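**Student:** Take a look at the following structure, please.
The values are calculated or read from the model by the stated rules, or taken from the named source; none is laboratory data. On a predicted model such as this, the values are computed, not experimentally measured, just so you know. Glycine gets a Cβ as well: all are built from the backbone with ideal geometry, and neighbour counts include every protein chain shown. Heads up: the accessible areas ignore ligands, DNA and RNA and are worked out on the full protein's heavy atoms, side chains in. Shrake-Rupley method; radii C 1.70, N 1.55, O 1.52, S 1.80 Å.
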Amino acid sequence: MENGGGGKKAWNFKTNVALETAGNLTIRGILNEIMSKLDVEDKRPVIPLGHGDPSHFPCFRTTPVAEDAVISALRSGKYNSYSSTVGILPARRAIAEYLNRDLPYKLSPDDVFVTLGCTQSIEIVLSILASPKANILLPRPGFPYYEARAAYSGIEARHFDLLPERNWEIDLDAVEALADENTVAMVVINPNNPCGNVFTYEHLAKVAETARKLGILILADEVYDHLAFGSNPFVPMGAFGSVTPVLTLGSISKRWVVPGWRLGWLVTSDPNGILKENKIVDSIMSYLNISSDPATFIQGAIPQILENTKEDFFNKTIHVLRQTADICYEKIKEIDCITCPHKPEGSMFVMAKLNLSHLEGVDDDIDFCCKLAKEEGVIILPGSAVGLKNWLRITFAIEPSSLEDGLGRVKSFYQRHAKKK
Ligand SMILES: *Cc1c(COP(=O)(O)O)cnc(C)c1O
């Protein structure tokens, strides 16, 4: 094959087709599209209610304890080398102790793998579970990185609903109906992104029983651990580890508001050793041998961060989130075209239903978010991005005054586009 003149052979390189589906499934892609609609002439500040990274707002600044821990780890000169692939021992021990505070049994450092944020924990799990014909049960609405990773690994994704009329509890009948002999796991996100609910102890007990009955693993995404500010306290899925084996996924990204530090964990919450028996632990270690580790000095800072952070810092974050969740819920009530089935009580998000029959000239959730960005400079994530068409996912983890400003602009948008009676 000749390529033009010059007698050159055609290029041999081709790209991985698995990326064509996987790469289009992310929240970032959709938000970039919506942000491209912003009107550059509009001099008001853009209000970002789309993605959940509050780290640049002063009221969500991390604790000096964490900053000092990183500085002293770095200055000590002890953490300039490569990490072991599973993570350095002091970090693994500190993470085990941190999680043990809420568990009825004791994790050991060997149960803990230090990862590049919860994102890498998801990557690892969905890579090691990718046996031929495997399928995985994912929540709808959910966190699209799971869909993207499943697509990339060639695992079939099957969806069960979270039920708005039951405070977003898992439809466990649907879980049973979906599962077959090739189902490897189900994902439970608690506190929940995108719905903002916190599952009760009783519901989690039922989830554990269901998984046991089906012989599947539970992937407990607890990246929002302890970010609960309503009546249901946060209960780790690992509390049911003796009923059914659990892989717990977490990080310091959300509770300490430092997503850029890229420090997370993958933990076998499995006092009966079932995961070890079934080669899950070996597979995790093999996968870690072919991937990269978080910066060693961040790992070195982890014991101080987890042990020395004061309750004051956590209480302050919870206080702000409770306040902004209230503002969000109350302001949405004033906007007829969107309704929120429950006041958010955890994480940083809420799902609100868009009622298109109240609107003129708006086709669907994506059209709503694009026009809202263009006319009002407010960014909201269309529900389609998380699997629920004609809903909206709104984050309330921003400065209270900006949130009020943003939702006020949504109201003006509605008033301009309201269907004439
Ligand atoms: C933010 C988030 C993650 C990723 O966490 P990182 O620690 O930043 O990698 C995973 N799962 C859910 C549900 C999240 O919201």
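**Student:** Just to confirm my numbers, what's the Cα centroid distance between segment 307-327 and segment 133-151 in Å?
**Tutor:** Computed from Cα coordinates, the inter-centre distance equals 31 Å.
**Student:** I'd like the chymotrypsin sites (Phe, Trp or Tyr not before Pro) in segment 52-158 restricted to DSSP loop residues with at most 12 other Cβ atoms within 10 Å, sorted by number.
**Tutor:** Tyr82
**Student:** Using θ = phi - 60° and the Karplus relation 6.51 cos²θ - 1.76 cosθ + 1.60, list the HN-Hα couplings for segment 182-188 in order, rounded to whole Hz, with x at every Gly or Pro.
**Tutor:** 9, 7, 9, 6, 10, 9, 10
**Student:** Check each of the GluC sites (Glu not before Pro) in segment 179-247 and keep only those in coil by DSSP with at most 11 other C-beta atoms within 10 angstrom; list them in order.
**Tutor:** Glu181
**Student:** Of all the C-alpha pairs in the chain, what % are more than 38 Å from each other?
**Tutor:** For the chain, the fraction of Cα-Cα distances above 38 Å is 24 percent.
**Student:** Return the whole-Å distance between the Cα centroid of segment 34-78 and the Cα centroid of segment 380-421.
**Tutor:** About 22 Å separates the Cα centre of segment 34-78 from the one of segment 380-421.
**Student:** Could you list the trypsin sites (Lys or Arg not before Pro) in segment 299-357 that lie in coil according to DSSP, counting only those with at most 15 other Cβ atoms within 10 Å of their Cβ?
**Tutor:** The qualifying sites are Lys310.
**Student:** Percent relative contact order of the chain, based on C-alpha pairs within less than 8 angstrom and at least six residues apart? Write out the running numbers ahead of the final one.
**Tutor:** On the way: 813 pairs, mean separation 99.0, N = 421.
24 percent.
**Student:** Shifting gears a bit: Of all the C-alpha pairs in segment 64-308, what % are more than 29 Å from each other? Kindly include the intermediate steps, with their values, before the conclusion.
**Tutor:** Working: 7560 of 29890 pairs.
Roughly 25 percent, rounded to a whole number.
**Student:** Return the subset of Lys254/Lys353; Lys276/Lys310; Lys14/Lys389 for which the Cα-Cα distance in this structure is over 29 Å, preserving the input order.
**Tutor:** Going by Cα-Cα distance, Lys276/Lys310; Lys14/Lys389 fall outside the 29 Å limit.
**Student:** For segment 208-346, what is the charge dipole size about the Cα centre, in debye to the nearest 20, if Lys and Arg each add +1 at the Cβ and Asp and Glu each add -1 at the Cβ?
**Tutor:** 60 debye
**Student:** A follow-up question, please. I'd like the Karplus ³J(HN,Hα) series for segment 57-71: coefficients 6.51, -1.76, 1.60, θ = phi - 60°, whole numbers in Hz, and an x wherever there's a Gly or Pro.
**Tutor:** So the Karplus estimates, Gly and Pro as x, are 8, x, 6, 10, 4, 5, 6, x, 4, 5, 4, 5, 4, 5, 4 Hz.
**Student:** Separate question: Counting only the heavy atoms of the protein chains, how much of Leu354 is accessible to a 1.4 Å probe, in Å² to the nearest 10?
**Tutor:** 10 Å²
**Student:** Size of the dipole of segment 1-122 about the Cα centre, Lys and Arg at +1 and Asp and Glu at -1 on the beta carbon, nothing else charged, in debye to 20?
**Tutor:** 340 debye
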